[in-house]
Amino acid sequence: MENYNTVKSLLLKVSYLGMKNVSNSKALLIGHVPQIAPDAWLNCIYEPISLKEIESIEESVGLKIPQSYKSFMLSFSNGLNILGDTISLFGYRFNYIRNSEEILWQPYDIIIPNLYERPKNATHNDFIIGSYEWDGSKLYINKDNEICYCKSEDITPLKKWNNLLGFLNNELLRLYKLIGDDGVLYDASIKTTPV
């Protein structure tokens, strides 16, 4: 099992801007940036889920979640939001209730991109785990357990990382160079995708 302490430390790097626990969804919000929006936060860690929820996802999509992502969801976080939604890692969504704060702080649903929005050339070995807000490009785990970055409609990898931990460490360090001490991007016109 991977140790995500370095990832957590990087996510907490902006904790000087504030932190908040959301009781209903048990999300940890890190880095309040009201200059972007009144309730905007840079990073969000969601409470890990159970094996029952993992099995529910797999049954819904008809695919097995790769072991590395399954371990991540069971031991560290049910998805992530990094620098707003610059990178979103998907997770199990408990509900779509629209009358409370709970709806706001849940991960994006991992079922949708794996069932309804899969690139046509994706195989059963390709499991979509996230996206980049900049252009809707996707992140997936391939048969070799590599994290791959691709366009939204084409699974052909444009960049690869050896594993999830390496991807998270690399991308957090890269993206933090793009923001100021106030948590705002130095230049909003700069692409935030890895290539």
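The values are calculated or read from the model by the stated rules, or taken from the named source; none is laboratory data. Everything quoted here is computed from the prediction, not taken from an experiment. Every residue, glycine as well, gets a Cβ built from its backbone with ideal geometry; the counts of neighbours run over all protein chains shown. These area figures cover heavy atoms from the full protein model, side chains too; ligands, DNA and RNA do not enter into them. Shrake-Rupley method; radii C 1.70, N 1.55, O 1.52, S 1.80 Å.
Provide the net charge surrounding Pro34, with neighbours chosen by a C-beta distance below 14 Å and charges set as Lys +1, Arg +1, Asp -1, Glu -1.
-1
For the chain, list the DSSP H helices whose alpha carbon atoms reach 24 Å or more along the long axis and whose average Kyte-Doolittle value is 0.0 or above?
The answer is none, since no helix passes both cut-offs.
How large is ³J(HN,Hα) for each residue in the stretch 131-143, as worked out from phi by the Karplus curve 6.51 cos²θ - 1.76 cosθ + 1.60 (θ = phi - 60°), to whole Hz, x for Gly and Pro?
Those phi angles translate into 7, 9, 5, 3, 9, x, 4, 10, 10, 9, 9, 9, 5 Hz.
In what sequence, largest accessible area first, do Asp109, Asp181, Asp154 appear using a 1.4 Å probe?
Asp181, Asp154, Asp109
So which residue, out of Leu172, Leu80, Leu29, gets the largest mean-square fluctuation from a GNM of the chain using Cα contacts under 10 Å as springs?
Leu172
Hey, rough spin-label estimate for Met19 and Ser152, points 7 angstrom out along Cα→Cβ, what's it come to in nanometres?
3.4 nm
Suppose accessible area is computed on protein heavy atoms with a 1.4 Å probe; arrange Thr156, Thr193 from highest to lowest.
Thr156, Thr193
Within the stretch 1-109, report the trypsin sites (Lys or Arg not before Pro) that DSSP leaves as loop and that have at most 12 other Cβ atoms within 10 Å. Before the final figure, lay out each step's value.
Working: sites: Lys8, Lys13, Lys20, Lys26, Lys52, Lys64, Lys70, Arg93, Arg98; in loops: Lys26, Lys64, Arg93, Arg98.
Passing sites in the stretch 1-109 are Arg98.
At a 1.4 Å probe, what is the % contribution of carbon and sulfur to the accessible area of the chain?
52 percent
How much of the DSSP bridge set in the chain is antiparallel, in percent, rounded to the nearest 5? List each step's numbers first, then the result.
Working: 30 of 31 bridges.
Bridges in the chain that DSSP calls antiparallel: roughly 95 percent.
Heavy atoms only, 1.4 Å probe, whole protein assembly: order Val195, Val7 by accessible area, highest first.
Numbers: Val195 80, Val7 0 Å².
The ordering from most to least exposed comes out as Val195, Val7.
Return one whole number: the accessible area per residue of the stretch 45-127 in Å², for a 1.4 Å probe.
It amounts to 48 Å² per residue over the stretch 45-127.
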